[in-house]
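To keep things clear, I will list the structure first and then write my remarks on it.
The values are calculated or read from the model by the stated rules, or taken from the named source; none is laboratory data. Bear in mind the structure is a predicted one, so any value in this text is a computation, not a measurement. Cβ placement follows ideal geometry from the backbone for every residue including glycine, while neighbour counts extend to all protein chains displayed. To get the accessible areas, we keep the full protein, side chains included, count just its heavy atoms, and leave off ligands, DNA and RNA. Shrake-Rupley method; radii C 1.70, N 1.55, O 1.52, S 1.80 Å.
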Amino acid sequence: MSEIKADLKKMKGISEADKRMLADAESLLGPDPSEIGWIKNIFYGNIREELSFPYPQQDAEETARCDQLIAALDEYLRTEHPAIQIDQEQEIPRWVIDRLFELGVMGMTIPKEHGGLGMGVTSYVRVLEKIGEYCGSTAVLVSAHQSIGCKAIMLFGTEEQKQRWLPHLANDWVSAFCLSEPNVGCDAGGQETRCELSEDGEHYILNGEKKWATSGAISSVFTVMSKQKMPDGKDRVTALVCTPDMEGIDIFQKNRSKCGIRGTWQARIHFKNVRVPKANLLHKEGKGLNVALTCLNYGRCTLSAGMLGAARHCRDQAIKWSRTRYQFGRSLSDFDLTKEKIARMSALCYAMDAMLYMTTGYLDRKDEDIMVETAMCKVFCSEMGWRSVNDAVQIMGGESYMTENEVERAFRDSRINLIVEGANEVMQSFIFGYGGKPLAEQMVGVKERLVWDKDESLGANAKRIFSNSLNAAVMSKAIPLGLELYLGLKKAPPKLTKLHPTLAGHGQKVAWLVREHCHHFKMASKVHEEKILERQTAQAPIADNAIYLHAMLCVLSKLDSQIRAGQDGPEFERDRTSAMHFLDLAERWIRENWRLLHRNSNTSMRVAAEAAIVHNDGLPNDRFIIPERSPVAQGTGRAPDQSAIKQFPGGSVAREIAAEQQQH
């Protein structure tokens, strides 16, 4: 955009904690892309129409191949897959994993030359959506294997590493990704596991512990994130590929019983002086978080796909129930509040689909600046999918709570999606901060050049302001900004020129909302100044509105493509009316959030929260469960009673299978 920008870490009044947070974020995310993408332009009040219109289309040949795969997969899932057994017994049988390998599902994105199907992200996500329709646990297994396990090697591995590992990962090996730790959840940069080069320079010595490693106990390879001291003295994260047969690796817990996705296994792994060959370094030393964050772009899409599949199935099941369940002499679908839920489920499923496959289009096209877009996809699909499943539960009533009905399992499986791959609250702050970063830097840059600084002398202020007032580049940004912030004179809304004529009016409305979103971001930044960095309740409505605007534009683009393709009939009419209803819902949510920026209960909320915290601080810790590595209360909480809970003692299943194969 413009070079009239500032370093946000140097803003006056910013706390040391916020400075560190910004510095850590910059280190994690790396340099800004050379050209800002779709969402950052929306924060600017612009629409880069060419990035999302027309709606992305798949290659016809690959679409046909994927259709064949999905047909075979659907046949398996309907007739063979033991979804209830997996949930009840808390384990995905090995024969199921082998069947998925046989179908090609486990290696579908791995290049053909390495034994996979060589399909793109959109095809892969279509398959994950189909699996999510039947079994959330299996969707997570496949996603963890390909989106973050295989993907790390596919994207960052050397040719020798790819030849060594990918053929197995396409055909018989499961993979895992070890990022989380007892003290590391959303704070991916806080790794406590460490590695250092051996004296001979041939190995990395790895020490630490990993937690929540999905499929870790059944994996033959796993990528491990660890801190390493760099030549400049700073600690950075390095990615290493480990195998369970390495001396010093102890998978001391295969899994823990949990609420949903019960068939997936999350391992705890201890590393003690593990000698990892230097040839197992993935990418470069100190670039491990680049590996992790890039893989998360894919993982967030496959999480969304599994959620969409479950939501669609629950929608259809709930509607069918409402048509055949009678109370008070009428079908449930005759009642207005049931119709409200049916319409909402249909609208949300359409919007989830539109955003998800727009995002996979960005990934298949290899767009550069898409980290905010994938974060939005995860937040939107996890939240709206959860709402859809919840509506289905309410429509089906008590029957939905019964174990034999898939809706009950989908309800439990769906809740985790709001937490994993970046908790939605963390993602809201990321979307606000990273999506609005270019505009915020420009606003602060103008302020630093033209606004009086009470810490400077009269002469220094006058010299700085006068010289910058003669700078055409500075004033070209400052004058429109000042007119908008102080007189309410806004720039014209952006234009959508590629929409079908029947959608033009809706496009104009969304364009106006984009302009207003930019204005509210600027006004909130003016009101809160540097304090906005710590006021998440001010960030969240703006972040949510950016998500809703993105969803509205995805919906318009998808519907435009359907109209131009000449679609008609009951399914298209359901889609068209669902799209229209979503546009109405989203506009209402956006306007409600604007109101919340000015009229809210945040003051009383903070007071009430502090009072509740003070009271809770007086309660004895030994009555409650405390984080195992708490820096302030470790060892003071009660140990939960697990005597009646199924346990999963340690050991590597993959290592056991390999040993058996060698014996035979």
Among (1) closer than 30 Å to K454 by Cβ; (2) at pLDDT 95 or above, there is one condition I84 misses while meeting the rest; what is its number?
(1)
P494 in contact with a helix residue (DSSP H, G or I) (Cβ under 7 Å, 6 or more places away or on another chain) and at pLDDT 95 or above:
yes
Evaluate the range 539-549: report whether one residue or more is touching an Asp or Glu at 6+ places or on another chain (Cβ under 9 Å), of a type outside the set (K, R) and open to solvent by 40 Å² or more (accessible area, probe 1.4 Å).
no
Here are the criteria: (1) out of contact with any Leu (no Cβ under 6 Å at 6 or more places or on another chain); (2) closer than 30 Å to R315 by Cβ; (3) of a type in the set (G, A, S); (4) modelled with pLDDT of 95 or more. Tell me which single one S147 does not satisfy.
(4)
From R595, R655, grab the single residue that is free of Cβ contacts under 8 Å to residues at least 40 places away in the same chain, part of a helix (DSSP H, G or I) and either surrounded by 10 or more Cβ atoms within 10 Å (Cβ to Cβ) or on the phi < 0 side of the Ramachandran plot (or both).
R595
Picking from T223, T264, T294, the residue that is in contact with a Leu (Cβ under 8 Å, 6 or more places away or on another chain), part of a strand (DSSP E or B) and either hydroxyl-bearing (S, T, Y) or surrounded by fewer than 22 Cβ atoms within 10 Å (Cβ to Cβ) (or both) would be T223
Enumeration of residues in the range 351-377 that are within 11 Å of A305 (Cβ to Cβ) and crowded, with 24+ Cβ neighbours inside 10 Å:
M352, L356, Y357, T359, T360, C377
So which residues in the range 303-333 are under 19 Å from A347 (Cα atoms) and among the polar types (S, T, N, Q), if there are any at all?
S304, Q317, S322, S333
Restricting to the range 476-504, name every residue that is open to solvent by 50 Å² or more (accessible area, probe 1.4 Å) and either part of a helix (DSSP H, G or I) or farther than 24 Å from R591 by Cα (or both).
S476, K477, I479, P480, L483, Y486, L487, T497, K498, P501, T502
Of these, S414, S429, which one is farther than 30 Å from I4 by Cβ, of a type in the set (S, T, N, Q) and either open to solvent by 50 Å² or more (accessible area, probe 1.4 Å) or part of a helix (DSSP H, G or I) (or both)?
S414
If P56 meets every condition in (1) surrounded by 16 or more Cβ atoms within 10 Å (Cβ to Cβ); (2) in contact (Cβ under 8 Å) with a residue 24 or more places away in the chain; (3) under 14 Å from I131 (Cα atoms) apart from one, which number is that one?
(3)
Which is without any contact (Cβ under 8 Å) to a residue 40 or more places away in the chain, touching a Ser or Thr at 6+ places or on another chain (Cβ under 7 Å) and more than 17 Å from C554 (Cβ to Cβ), of R323, R330?
R323
Could you tell me how many of the residues in the range 563-592 are open to solvent by 80 Å² or more (accessible area, probe 1.4 Å), more than 17 Å from M352 (Cα to Cα) and touching a residue at least 60 places away in the same chain (Cβ under 8 Å)?
1
Being open to solvent by 40 Å² or more (accessible area, probe 1.4 Å), under 30 Å from V555 (Cα atoms) and either in a helix (DSSP H, G or I) or modelled with pLDDT of 95 or more (or both), is that true of even one residue in the range 16-26?
no
Expected output for the range 463-477 (first residue over 15 Å from K447 (Cβ atoms), partner open to solvent by less than 70 Å² (accessible area, probe 1.4 Å) and at pLDDT below 95, Cβ below 8 Å, 6+ apart or cross-chain) is A473/S2; A473/I4
If the requirement is being more than 27 Å from the chain's Cα centre (by Cα), in contact (Cβ under 8 Å) with a residue 60 or more places away in the chain, under 15 Å from K272 (Cβ atoms) and open to solvent by less than 40 Å² (accessible area, probe 1.4 Å), which of these qualifies: C195, C178?
C195
E529 fails exactly one of (1) at positive phi; (2) without any contact (Cβ under 8 Å) to a residue 60 or more places away in the chain; (3) of a type outside the set (V, I, T), namely (2)
Counting only residues in the range 612-627 that are open to solvent by 70 Å² or more (accessible area, probe 1.4 Å) and not in a helix (DSSP H, G or I), the one farthest from K211 (Cα to Cα) is identified as F624
Residues in the range 657-664: is at least one over 30 Å from K509 (Cβ atoms), out of contact with any Leu (no Cβ under 9 Å at 6 or more places or on another chain) and modelled with pLDDT of 95 or more?
no
Unmet criterion (only one of (1) open to solvent by less than 20 Å² (accessible area, probe 1.4 Å); (2) farther than 18 Å from S147 by Cα; (3) within 25 Å of the chain's Cα centre (by Cα)) for P244
(3)
Some residue of the range 187-194 being assigned to a strand (DSSP E or B) and at pLDDT 95 or above:
yes
When only residues in the range 433-459 that are in a loop (DSSP other than H, G, I, E, B) and not charged (D, E, K, R) count, which is surrounded by the fewest Cβ atoms within 10 Å (Cβ to Cβ)?
S457
For the range 552-562, does any single residue satisfy the condition of being closer than 19 Å to G436 by Cβ, within 25 Å of the chain's Cα centre (by Cα) and crowded, with 17+ Cβ neighbours inside 10 Å?
yes
